[in-house]
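Asker: Before we start, here is the structure in question, set down as structure tokens.
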Amino acid sequence: MAGTHDLLLVVLSILIAVAASYTALDLATRVKASTSSAASSAWLATAAVCMGGGIWSMHFVAMLAYLLPGMEIAYDPALTGVSLVVAIVVTGGGFAVVSRPHTGAMRLVLSGLFMGSGILVMHYTGMAAMRMQATLSYDAVWVSVSIFIAIGAAIAALWLAFRSTRFIEKGVAACCMGLAVSGMHFAGMQAASFGAHEMLAGSDPSSFVSQSALALSVAAITFLILLSAIVAAIFDRRFAVLVENEARALKASEEQFRSLYRRTPLPLHALDEQGHIEEVSDEWLALMGYGRDDVLGRPLINFMAEESARRRVQQDWPHLVAEGELREKEYRFVTKDGRFLDVLSTSTVERAPDGAFKWAVGGLVDVTERKRTEAALRQSQKMEAVGQLTGGIAHDFNNLLAVIIGSLGMLKKRMPPDERMQRLVDNAMEGAKRGAALTERMLSFSRRQNLEPRALEIPALVKGMQELLERSLGPRMTIRTEFPLSLSQVKADPNQLEMALLNLVVNARDAMAGEGAITISADQESNPPAVLRSRNYVCLKVVDTGEGMDEQTLLRAQEPFFTTKGVGKGTGLGLSMVAGFAEQSGGTLVIHSQKGQGTTMEVWLPVAEEDLAAHDVGASPPAKDRTSLLKGCRVLVVDDDALVLWNTQSMLEEMGADVVATTSPLQALEVVHAAEKLDCVVTDYAMPGMSGAQLAAAIRVKSPEVPIIVATGYADVSAEVSQYPKVQKPFNEEALGNTILESLKLNAKVVSLGPREKTV
């Protein structure tokens with residue numbers, strides 16, 4: 001029995017197939033674009049319903065378009081429902097397979113076979129659901145054609161579903177798929193043959209769905225599919241626009257943030273949850289000396305010193321993650337060129353609304369120079385404190401040495417001619433002189449020794465002490481001297497400069513294990529170290545090729561009592577004495593040294609502007625005349641130390657002076673006011689209650705003509721006593737007598753006393 005087709009319904013069925021295909025293709029592209037599995041599954045189910053339901057709707061609308069003359073057609077509801085479910089399930093299964101990442105050709109073909117077979121099952125199940133007064137048979141050739149079309153259309157549908165997102169390409173693909181699916185249906189209908197017969201006995205026509213009812217159902221489903229297609233298209237378009245706008249705004253915001261972050265004038269970094277660098281500012285890169293590609297993605301601890309990195313990992317990072325903030329933690333960073341930077345770092349953790357870790361933002365504050373300045377200040381304060389302590393000790397020690405030296409001098413004159421006793425006294429005197437030399441070094445370090453600067457020629461001074469230096473070095477060492485033909489004179493104390501040079505040469509000898517050559521040179525320099533004033537200097541250098549000093553030793557080399565020599569081989573005051581002498585002379589000591597490469601000691605001394613040679617104090621009187629050297633002179637002696645006072649009094653009485661001694665400056669003033677005759681005053685400088693300067697000023701008010709001599713172990717005494725003659729502690733009888741003679745101008749006075757004193 002041959003049937004006919006309703007052209008309008010045929011066109012409608014094809015349109016349904018095309019609309020369903022476009023909708024499914026459009027929705028399928030959202031599967032891979034989804035950011036969550038739930039959204040992906042929802043889009044996948046929607047695409048399956050639209051595609052499977054559309055194919056099923058097209059099938060039954062096309063069935064309704066097939067008309068058999070004089071025959072009523074109905075459908076079994078159960079089989080009809082099964083055909084719908086099959087269409088949706090197989091379509092969804094095919095989409096699910098090919099939506100996975102990296103889908104291969106084999107998986108695509110197998111999914112197409114599965115989906116095409118399902119569509120065929122849906123088609124022939126729907127055919128089997130037909131109830132009419134006719135038998136149904138199929139032509140094998142056309143059935144094969146329908147199978148081929150179904151599988152080919154399924155593979156094409158799966159391939160196109162996830163390849164194209166543009167409107168035109170999706171429209172062309174939907175038309176091709178719709179025509180292919182329609183072609184599969186009409187090929188299957190071509191394979192069907194209907195033979196008329198009577199309705200089978202026992203069949204209940206009321207249990208079947210009439211063709212008109214099915215038409216209404218299919219029309220409703222078709223409407224839902226088309227409505228779904230329209231809604232999905234609108235939703236997809238709106239969603240795509242919103243997502244695109246959001247992505248564009250987010251990207252612009254991120255770019256703005258990155259730009260601002262990178263250009264901030266602070267060294268900032270942003271870290272992920274593992275402590276790896278996500279972003280850094282340009283200032284951070286400039287501080288560390290790296291390029292951006294060198295640091296992004298690397299752990300921050302890779303740029304820290306070992307101890308700082310260990311503390312960061314074990315303590316600070318867990319605390320930051322747990323508490324969300326870390327304030328002013330000190331670390332040591334290592335720059336690209338190997339320099340160490342001491343920094344303070346403050347960090348805070350940024351979290352998402354759900355509390356998840358986003359990043360940790362931190363900044364660095366370079367405190368390297370500040371720490372160096374603080375360390376230098378602490379060192380300076382420590383050295384100043386040590387210098388004050390040393391100066392005080394040296395002053396008190398000088399008082400003791402003054403007593404010892406004076407007493408030994410007077411004792412030696414009264415001793416019987418016993419060789420053993422003479423040797424004992426000489427040894428004691430030598431020990432006291434060594435103590436005086438040590439005290440002088442301590443005063444030199446504290447910059448309180450008494451200097452007598454004059455204009456010196458360094459080459460002549462070095463030549464004059466050449467023999468002493470050679471004896472000090474030993475037979476296996478030599479001295480080389482290198483001086484320019486023209487070298488300015490320097491302003492310095494010659495004795496102290498000789499002692500400083502001897503110290504440097506002996507240190508060089510010890511550094512070279514007593515073998516090799518030491519070079520002594522000098523140059524005219526107009527570019528002195530920054531610590532010196534802007535003026536001309538001469539740089540005296542002592543260069544050795546010894547073991548040199550490491551950085552730590554070099555930092556401490558000028559500290560008092562610091563030595564690398566063995567026990568009993570050095571006091572540790574040599575370099576500190578040289579440094580003190582150089583600074584008190586208006587210069588400085590600079591040390592250049594590297595381990596294994598020798599050492600260069602530089603003593604910078606100011607160029608002499610005029611000849612400051614000290615005047616000749618005249619010849620000392622013979623020792624036999626000292627017992628009457630000050631005969632007839634009345635001298636007031638003031639010293640708060642009773643031992644020093646008694647020792648000074650004894651020296652003066654030994655020289656024939658009439659002495660008034662007191663330990664109190666106030667009593668001294670009373671003596672001055674009450675005395676009818678007073679030829680000279682000898683006063684200590686450092687006394688409690690009233691200093692020697694204050695006492696001298698008070699005496700000058702009452703007796704301005706009386707000579708005043710200040711006895712001190714310091715050089716930096718008050719300017720108020722700079723006009724008075726000074727005698728340096730510890731002094732002996734000769735030094736004290738000569739100073740008093742100068743003050744009194746006794747050369748003129750004693751001549752008139754008689755022939756005996758003319759020898760003075």
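The values are calculated or read from the model by the stated rules, or taken from the named source; none is laboratory data. No experiment lies behind these values; they were computed from the predicted model shown. Virtual Cβ from ideal backbone geometry, glycine too; neighbours counted across all protein chains shown.
Asker: Are any residues in segment 641-664 surrounded by 18 or more Cβ atoms within 10 Å (Cβ to Cβ), assigned to a loop (DSSP other than H, G, I, E, B) and not small (Gly, Ala, Ser), and if so, which ones?
Answerer: Matches in segment 641-664: Asp641, Met655.
Asker: Among the residues of segment 700-736, which ones are modelled with pLDDT under 80, among the charged types (D, E, K, R) and part of a helix (DSSP H, G or I)?
Answerer: Selection gives Glu720 alone.
Asker: Going by what's in this entry, would Gly514 be described as in contact with a Lys or Arg (Cβ under 7 Å, 6 or more places away or on another chain) and touching a residue at least 40 places away in the same chain (Cβ under 8 Å)?
Answerer: For Gly514, the condition - in contact with a Lys or Arg (Cβ under 7 Å, 6 or more places away or on another chain) and touching a residue at least 40 places away in the same chain (Cβ under 8 Å) - is met.
Asker: Looking only at segment 528-556, filter to residues that are of a type in the set (A, V, I, L, M) and at pLDDT 75 or above; which one of those is farthest from Val607 (Cα to Cα)?
Answerer: Top of the filtered list is Met549.
Asker: What residue, among those in segment 128-154 that are in a helix (DSSP H, G or I) and crowded, with 20+ Cβ neighbours inside 10 Å, is modelled with the lowest pLDDT?
Answerer: Ala154
Asker: Within segment 159-186, can you find the residues that are closer than 19 Å to Leu108 by Cα, among the aromatic types (Phe, Trp, Tyr) and at pLDDT 65 or above?
Answerer: Matches in segment 159-186: Trp159 only.
Asker: Only one of these is among the hydrophobic types (A, V, I, L, M, F, W, C) and within 30 Å of Ser576 (Cα to Cα): Leu287, Leu326, Leu377. Name it.
Answerer: Leu377
Asker: Just to be sure before I move on: is Val567 over 23 Å from Ala455 (Cβ atoms) and at pLDDT below 80 in the structure I sent?
Answerer: Working: over 23 Å from Ala455 (Cβ atoms): yes; at pLDDT below 80: yes.
Considered against the rule, which asks whether it is over 23 Å from Ala455 (Cβ atoms) and at pLDDT below 80, Val567 comes out as yes.
Asker: Can you find even one residue in segment 317-335 that is touching a Ser or Thr at 6+ places or on another chain (Cβ under 6 Å), part of a helix (DSSP H, G or I) and either more than 18 Å from Glu350 (Cα to Cα) or not polar (S, T, N, Q) (or both)?
Answerer: Yes, the conditions are met somewhere in segment 317-335.
Asker: Run Arg107 past the list (1) of a type outside the set (A, V, I, L, M, F, W, C); (2) surrounded by 15 or more Cβ atoms within 10 Å (Cβ to Cβ); (3) modelled with pLDDT under 75; (4) assigned to a helix (DSSP H, G or I) and report the number of the one that doesn't hold.
Answerer: Failed condition: (2).
Asker: Right, something else. Just to confirm my filter: which strands (runs of 3 or more DSSP E) fall fully inside segment 452-540 and include at least 2 residues that are within 26 Å of Gln728 (Cβ to Cβ)? Before you say what the answer is, go through the steps one by one.
Answerer: Values: elements: 454-456, 477-482, 490-492, 516-525.
The qualifying strands (runs of 3 or more DSSP E) are 454-456, 490-492.
Asker: I'm trying to understand the selection: among the residues of segment 9-22, which are among the hydrophobic types (A, V, I, L, M, F, W, C) and either in contact (Cβ under 8 Å) with a residue 40 or more places away in the chain or not assigned by TED's automatic domain parsing to the domain that holds Ser57 (or both)?
Answerer: Scanning segment 9-22 gives Leu9, Val10, Leu12, Ile14, Leu15, Ile16, Ala17, Val18, Ala19, Ala20.
Asker: Here is a follow-up. What are the residues in segment 285-301 that are within 12 Å of the chain's Cα centre (by Cα) and not hydrophobic (A, V, I, L, M, F, W, C), if any?
Answerer: Within segment 285-301, Gly289 is the sole residue that qualifies.
Asker: Moving on to the next point. What is the number of the single condition among (1) at pLDDT 70 or above; (2) surrounded by 19 or more Cβ atoms within 10 Å (Cβ to Cβ) that Pro77 does not meet?
Answerer: (2)
Asker: If you don't mind, another one. When you scan segment 273-280, do you find a residue that is free of Cβ contacts under 8 Å to residues at least 12 places away in the same chain and not in a helix (DSSP H, G or I), even just one?
Answerer: Within segment 273-280, not a single residue is free of Cβ contacts under 8 Å to residues at least 12 places away in the same chain and not in a helix (DSSP H, G or I).
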